[in-house]
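Right, one structure below, let's go through it.
The values are calculated or read from the model by the stated rules, or taken from the named source; none is laboratory data. Since the model is a prediction, treat every value here as computed from it, not as a measurement. Here the Cβ positions follow ideal geometry from the backbone for every residue, glycine too, while neighbour counts run over all protein chains shown. Remember, those area values only see protein heavy atoms, side chains included, never the ligands or the DNA or RNA. Shrake-Rupley method; radii C 1.70, N 1.55, O 1.52, S 1.80 Å.
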Amino acid sequence: MSMTGPERKAFLQFTTGCSSLPPGGLANLHPRLTVVRKVDAGDGSYPSVNTCVHYLKLPDYQTEEIMKERLLTAT
């Protein structure tokens, strides 16, 4: 929720391969965006994605700040 407009656009491009949502927003994104824990990864790891199926793999970060920094760097 704390991302700026350009950060949200970059995040969307990173996770889906598209820079904009379909009409109707996230509710009409198919397949749905799925977020899972990235196994055997810590604070030093970066998120990864499978854009074909909108699959975001996030390490178990210690804080929200670390997660946001890693996501912004990855995007």
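Selection of region 63-75 for residues being surrounded by fewer than 17 Cβ atoms within 10 Å (Cβ to Cβ), closer than 19 Å to Pro6 by Cα and of a type in the set (S, T, N, Q) yields only Thr73.
Each residue in region 39-57 was checked for being within 11 Å of the chain's Cα centre (by Cα) and open to solvent by 40 Å² or more (accessible area, probe 1.4 Å), and 6 of them qualify. The combined condition, being open to solvent by 60 Å² or more (accessible area, probe 1.4 Å), touching an Asp or Glu at 6+ places or on another chain (Cβ under 9 Å) and among the acidic types (Asp, Glu), is fulfilled by Asp60. The set of residues from region 1-13 being assigned to a helix (DSSP H, G or I) and more than 16 Å from Val53 (Cα to Cα) comprises Gly5, Pro6, Glu7, Arg8, Lys9, Ala10. Scanning region 1-48 for residues that are in contact with a Cys (Cβ under 8 Å, 6 or more places away or on another chain) and closer than 17 Å to Pro59 by Cβ gives no hits. Restricting region 14-38 to residues that are more than 16 Å from Tyr55 (Cα to Cα) and of a type outside the set (Ser, Thr, Tyr) leaves a set whose member that is least open to solvent (accessible area, probe 1.4 Å) is Gly25.
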